[in-house]
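The values are calculated or read from the model by the stated rules, or taken from the named source; none is laboratory data. Remember, predicted model here, so these are calculated numbers, not experimental data. All Cβ positions, even for glycine, are placed from backbone atoms using ideal geometry, and neighbour counts span all protein chains on display. Remember, those area values only see protein heavy atoms, side chains included, never the ligands or the DNA or RNA. Shrake-Rupley method; radii C 1.70, N 1.55, O 1.52, S 1.80 Å.
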Amino acid sequence: PYEVENYANNLDISITEEEIAKRRDMRKDLTFTIDPKDAKDFDDALSFKVLENGLYEIGIHIADVSHYVQPGTILDDEAYERATSIYLVDRVVPMLPERLSNGACSLRPNEEKYTFSAVFKMNDKCEIKYQWFGRTVTYSDARFAYEEAQAVIENNPKVSLGSVEASKLDTTISKEVSLSGEKYNTKPEIAEAIMVLDRLAKKMRSQRMRHGAISFDKVEVKFNLDEEANPIGVFFKTSKDANKLIEEFMLLANKKVAEFVGKKSPKKTFVYRVHDEPDESKLAQLQTVVSRFGHKLNFKDRNSIASSLNNLLKDVVGKKEQNLVDTLTIRTMAKAEYTTHNIGHYGLAFDYYSHFTSPIRRYPDVMAHRLLQQYLDGGDSANEEIYEEKCKHSSNMEYLATKAERDSIKYMQIRFMQDHEDEEFLGVISGVTDWGIYVEIEANKCEGMVSVRDMKDDMYYFDQEHFAMIGKNTHTMYQLGEEVIVKVKSTDLVKKHLDFYMVGKADNEEE
């Protein structure tokens, strides 16, 4: 709304000496961001320092949104109503006005910013020897796209602090990495920092897995769009080491902030991100489906469930059934949500977890910042009922946003397929019902349906036990997970429907 934009445009966003005096000044610490190359808002930055005692001081610096978004203002009311930014294929519907999301709060390179930080001193085994939370002022020395940070990690596997190779990094990396056609020179000390952080992140990740965390690396469908926002290509995004590096340090900050407040006595109201244990009946269904592909699961106890699911997710990587199994496994999980009643986070195997690291795009993080500051100042516990109501609203809005994002992808997939009518595609049977067979095209992950009415070569019936459609006369069987050839019959953008004709089974014998 105009009045909210206007309010944001009239905010004082200058960095003042008076405000700096109230904060921990970390502008001299080596600090950088790693984000998607098309990102406009930078929520988080990392700082890195090697201390004389050999420990690493790592700062996780988050945009101090609550400094600008004050309770009781129209800006705060609007942010709360929206509760989240929505990332559609061709646009972003932001939670905050652009002046804040892409300007004042965004941790852009070579700019001083107000931040809220979690600072840890840790050793090589990732043991935390000291932690500090509070408001800071930081200066970002560099901005990396994930691809650039990935190139540093892949090209310099042997970098260690003070190593001889480090002096060669400048030339190596500037040759290897370019962003938007520009060569990007990486300072040796930043390259070293990335290498050490990557090493620590890998250790933290393997510790999490040992404690029963579940590793979802689901492939994301992305689109190349032309000037008119028409999809002209489909590509897949997977999570690499650089993504996981950022993820691990964000998880660390979220977990430690939640622990810090959650373990206080007397108990303090806080916003937790919780995730319940999976539903037994859904696990049994998953077991039935994956056994069709020769996978076995062990659901004896909590730990065996986690390790069993992890092994399954690892086993299917690169196989035709990967997307189907990934999707079904995610569906067995309870939905994560926001609440003041902590029950821990099953998927991450954390007893305490919160959302602290993305306040530009999530309102619960803004609440977490406010509450943390209140308790750091020695304040009383906030009203639990009020915050529980806000948590419910945030969870509902997150659900609507996720649904909109999925619909946006489905819409673009169907728009993309409109240009491919009558073409044949290789697909995998992703679902079988008594009204038809669902097929997911391998090349672009678009899912459509072959109606049983359109299967004219026989009378087909649905065999629930075998997840199959079987012909009465020919006994031809189309089974879940099988590869088939389909042809686009019709596309309906309004209903987001994609219909196929069944051409027949894929001929795998010659492969």
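In whole percent, how big is the carbon plus sulfur part of the accessible area of the chain, probe 1.4 Å, protein atoms only?
Looking at the chain in its full context, I get 47 percent from C and S.
What does the charge count near Lys237 come to, summing +1 for each Lys or Arg and -1 for each Asp or Glu among other residues with Cβ under 12 Å from its Cβ? Display every interim value, and only then the final one.
Numbers: positive: Lys37, Lys218, Lys222, Lys240, Lys445; negative: Asp38, Glu147, Asp217, Glu220.
Computed value for this residue: +1.
Given the peptides 331-340, 276-285, 478-487, arrange them by the average over their residues of other C-beta atoms within 10 Å, most packed first. Before the final figure, lay out each step's value.
Values: 331-340: 17.4, 276-285: 14.4, 478-487: 19.2.
Sorting 331-340, 276-285, 478-487 by mean packing, highest first, produces 478-487, 331-340, 276-285.
Which angle between 0 and 90 degrees, to the nearest 10, do you get for helix 280-291 versus the longest principal axis of the chain when only C-alpha atoms count?
Value to nearest ten degrees: 60.
Among Leu252, Pro1, Ser408, whose Cα sits farthest toward the positive end of the charge dipole of the chain (+1 at Cβ of Lys/Arg, -1 at Cβ of Asp/Glu, about the Cα centre)?
Of the options given, the answer is Leu252.
Given the pairs Lys237/Lys314; Lys49/Lys264; Lys320/Lys496, which are separated by over 21 angstrom at their Cα positions? Present the calculation step by step, with values, prior to reporting the outcome.
Details: Lys237/Lys314 17 Å; Lys49/Lys264 29 Å; Lys320/Lys496 24 Å.
Among Lys237/Lys314; Lys49/Lys264; Lys320/Lys496, the Cα-Cα distance tops 21 Å for Lys49/Lys264; Lys320/Lys496.
If I model a spin label at Glu227 and Ile74 as a point 7 Å from the Cα along the Cα→Cβ vector, what separation in nanometres do I get?
Using points 7 Å along Cα→Cβ, the separation is 3.7 nm.
Apply the Kirkwood formula to segment 223-305: the hydrodynamic radius equals the inverse of the mean of 1/r over all pairs of different alpha-carbon atoms; give it in Å with one decimal. Can you show the working numbers first?
Values: mean 1/r = 0.0555 Å⁻¹.
Averaging 1/r across every pair of different Cα atoms and inverting gives 18.0 Å.
Please compute the per residue accessible area over segment 266-383 with all protein chains in place, 1.4 Å probe, rounded to a whole number of Å². Could the numbers behind the result be given before it?
Details: 5260 Å² over 118 residues.
Here the residues of segment 266-383 average 45 Å² of exposed surface.
Among the GluC sites (Glu not before Pro) within segment 1-95, which fall in a DSSP loop and have no more than 13 other Cβ atoms within 10 Å of their own Cβ?
Here the sparse-neighbourhood loop sites are Glu52.
Roughly speaking, what is the centre-to-centre gap between segment 265-324 and segment 1-67 when only Cα atoms are used, to the nearest Å?
36
How much net charge surrounds Thr33 when only the other residues with a Cβ under 10 Å from the Cβ of Thr33 are counted, with Lys and Arg +1 and Asp and Glu -1? Write down the numbers at each step before the final one.
Details: positive: Arg108, Arg143; negative: Asp35, Asp43, Asp44, Asp141.
Local net charge: -2.
Ordering Lys256, Lys202 by how much accessible area each has at a 1.4 Å probe, largest first, what is the list?
Sorted descending by solvent-accessible area, the residues read Lys202, Lys256.
Nearest 500 deg cm²/dmol is fine: what mean residue ellipticity at 222 nm does the chain get from its DSSP H runs of n ≥ 4 alone, each adding -39,500 (n - 2.57), divided by its residue count?
Result for the chain: -11000 deg cm²/dmol, rounded to the nearest 500.
For the chain, build the charge dipole from Cβ charges (+1 Lys, Arg; -1 Asp, Glu) around the Cα centre, then report which of Asn110, Val494, Phe350 sits farthest towards its positive end.
Result: Phe350.
On a 0 to 90 degree scale, rounded to 10, what angle separates helix 302-315 from the longest Cα axis of the chain?
70
For Ile60, what accessible area in Å² do you get when you roll a 1.4 Å probe over the heavy atoms of the protein chains, rounding to the nearest 10?
0
Please identify the trypsin sites (Lys or Arg not before Pro) of segment 36-133 that satisfy two criteria: DSSP loop assignment and at most 11 other Cβ atoms within 10 Å. Which are they?
When the trypsin sites (Lys or Arg not before Pro) of segment 36-133 are filtered for loop state and at most 11 Cβ neighbours within 10 Å, Arg91, Lys125 remain.
With a point put 7 Å past each Cα toward its Cβ, work out how far Glu98 is from Met459 in nm, to one decimal.
Simple spin-label model gives 6.3 nm for this pair.
Place a +1 charge on the Cβ of each Lys and Arg in segment 356-471 and a -1 charge on the Cβ of each Asp and Glu, then give the dipole magnitude about the Cα centre in debye, rounded to the nearest 20.
560
Among Ile429, Val89, Ser47, whose Cα lies farthest out toward the positive end of the dipole of the chain, if unit charges sit on the beta carbon of Lys, Arg (+1) and Asp, Glu (-1)?
Most positive-ward Cα: Ser47.
List the extent of the Cα atoms of segment 243-388 along each of their three principal axes, largest first, rounded to whole Å.
Taking the Cα atoms of segment 243-388, the three principal extents are 57, 30, 22 Å.
Can you tell me the 0 to 90 degree angle between the C-alpha axis of helix 188-210 and the longest principal axis of the chain, rounded to 10?
The angle comes out near 60 degrees.
What does the charge count near Ser307 come to, summing +1 for each Lys or Arg and -1 for each Asp or Glu among other residues with Cβ under 14 Å from its Cβ? Please list the in-between numbers first.
Details: positive: Arg208, Arg210, Lys296, Lys300, Arg302, Lys314; negative: Asp301, Asp315.
So the surrounding residues net to +4.
Based on Cβ point charges of +1 for Lys and Arg and -1 for Asp and Glu, what charge dipole magnitude is obtained for the chain about its Cα centre, in debye rounded to the nearest 20?
With only Lys, Arg, Asp and Glu charged at Cβ, the dipole is about 1720 debye.
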